[in-house]
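Below: one structure, written as structure tokens.
The values are calculated or read from the model by the stated rules, or taken from the named source; none is laboratory data. A quick note: this is a predicted structure, and the numbers were derived from the prediction, not measured. Cβ atoms come from the backbone with ideal geometry, glycine included; neighbour counts cover every protein chain shown.
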Amino acid sequence: MEILIIVLTFVTMLVIIYAVLILHRERQQIGEIAKALLDVRNGNGNRRILAYPGQLLSPLVYEINDIIRAYEDKIAVFQQTDEMNKQLMTSLSHDVRTPLTTLIGYLDAVHKGSVTGSEREEYIEISRHKAYDLKGYIDVLFDWFKLNSDEFAMEIQSVEAAELTRNILIDWIPLLEEQGIEYSIEIPDQAVTVNLNQDSYLRIINNLLQNVITHSMADRIDVLFTKHEDVMRLSVEDNGIGIGKEELKHIFSRLYKCDKSRSNKSSGLGLSIAYQLAEKMGGQLCVESGLGKGATFILTLPLLK
């Protein structure tokens, strides 16, 4: 009996010592958790807490690390968005102020009588073009802000897309001819019913064609409308200077401008807006290109099932 008591006492002491060691280790880990959380609160989002499988606090430590990682990702997205917004405001300040100042200059010259006769008419015509350019830029900005607001909503309807596409492209023919750009437009005679939003579809086509005229330096453009299985496919191909491999990675990013030397010609938002609109209609916009090989933008949208 005495031996049994001695054994039980020894075992109890071992258990107590083990429990004390475990408690000490867990208290140390709690201290590490507290230090880590303090670091995170002070802005160190890279801080992580070490833990080993089987430890009492391991599940809690893993959860805290996941929370810190998610926090770090959100901060990174916020910082990127903040930087993009700063770029957007800088672009807005420059791209609106510069043409507006020029427009005022031409109109002031006309108003003061500094120019007369044919020169006066030329100044008025230049002012008219610059006013339309400015309106176009502001329209793009409104599109961008609407797309990225919580209140944006898009109504998708079944639309006969072949005829709609034909009517949209007809309005571009005079401008293409004025710019000296040869064109080929192929659209099937049969009806092709597609799920889309008409205003968004119009904006995508307009942005793609405007991109060709403004940036590609092309003298020919081919537009092909086809039907493939469960999607319609609209390709806009030009024979211009093309897009390099690195630029292709960012071509649909907002404010990205491949041609820095001609960056004052656009807001850098057009292709990004077109890409987002295509996605919101359940479709896709992609591009195939290479330097000196022209570019082909391909829009696909789901057919009515």
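Please go through (1) over 16 Å from V223 (Cα atoms); (2) in the same structural domain as A274 (by TED's automatic domain parsing) for G136 and return the number of the only condition it doesn't satisfy.
Among (1) over 16 Å from V223 (Cα atoms); (2) in the same structural domain as A274 (by TED's automatic domain parsing), G136 violates only (2).
Tell me, yes or no, whether the range 227-234 has at least one residue that is modelled with pLDDT of 95 or more, surrounded by 13 or more Cβ atoms within 10 Å (Cβ to Cβ) and hydrophobic (A, V, I, L, M, F, W, C).
The answer is yes, given that some residue of the range 227-234 is modelled with pLDDT of 95 or more, surrounded by 13 or more Cβ atoms within 10 Å (Cβ to Cβ) and hydrophobic (A, V, I, L, M, F, W, C).
Do any residues in the range 286-305 that are part of a strand (DSSP E or B) have Cβ atoms under 6 Å from those of residues that are among the hydroxyl-bearing types (S, T, Y), where the two are at least six apart or on different chains, and which pairs are they?
Sorted first by the residue in the range 286-305, then by its partner, the pairs are E288/T296; A295/S289; T296/S235; I298/S235.
Which residues, counting only those in the range 284-305, are touching a Ser or Thr at 6+ places or on another chain (Cβ under 6 Å) and either over 17 Å from N206 (Cα atoms) or not assigned by TED's automatic domain parsing to the domain that holds L234 (or both)? Quick ask: steps written out before the conclusion?
Quick first cut of the range 284-305, residues touching a Ser or Thr at 6+ places or on another chain (Cβ under 6 Å) only: 284, 288, 295-296, 298, 304.
If the condition is that a residue be touching a Ser or Thr at 6+ places or on another chain (Cβ under 6 Å) and either over 17 Å from N206 (Cα atoms) or not assigned by TED's automatic domain parsing to the domain that holds L234 (or both), then E288, L304 are the ones that fit.
Condition test on E177, is it assigned by TED's automatic domain parsing to the domain that holds V223, of a type in the set (D, E, K, R) and closer than 29 Å to L304 by Cα? Show your work before the answer.
Working: assigned by TED's automatic domain parsing to the domain that holds V223: yes; of a type in the set (D, E, K, R): yes; closer than 29 Å to L304 by Cα: no.
No; evaluated as a whole, the condition is false for this residue.
Let me confirm something: among I221, I168, which residue is modelled with pLDDT of 90 or more, of a type in the set (V, I, T) and outside any helix (DSSP H, G or I)? First the steps, then the outcome.
Numbers: I168 fails: outside any helix (DSSP H, G or I).
Testing whether each residue is modelled with pLDDT of 90 or more, of a type in the set (V, I, T) and outside any helix (DSSP H, G or I) leaves just I221.
May I ask you to say which residue of I138, I124 is part of a helix (DSSP H, G or I) and over 26 Å from the mean Cα position of the chain (by Cα)?
Values: I138 fails: over 26 Å from the mean Cα position of the chain (by Cα).
Only one candidate qualifies: I124.
Which residue out of I173, I156, I181, I138 is closer than 21 Å to D238 by Cα, touching a residue at least 24 places away in the same chain (Cβ under 8 Å) and of a type outside the set (F, W, Y)?
I181
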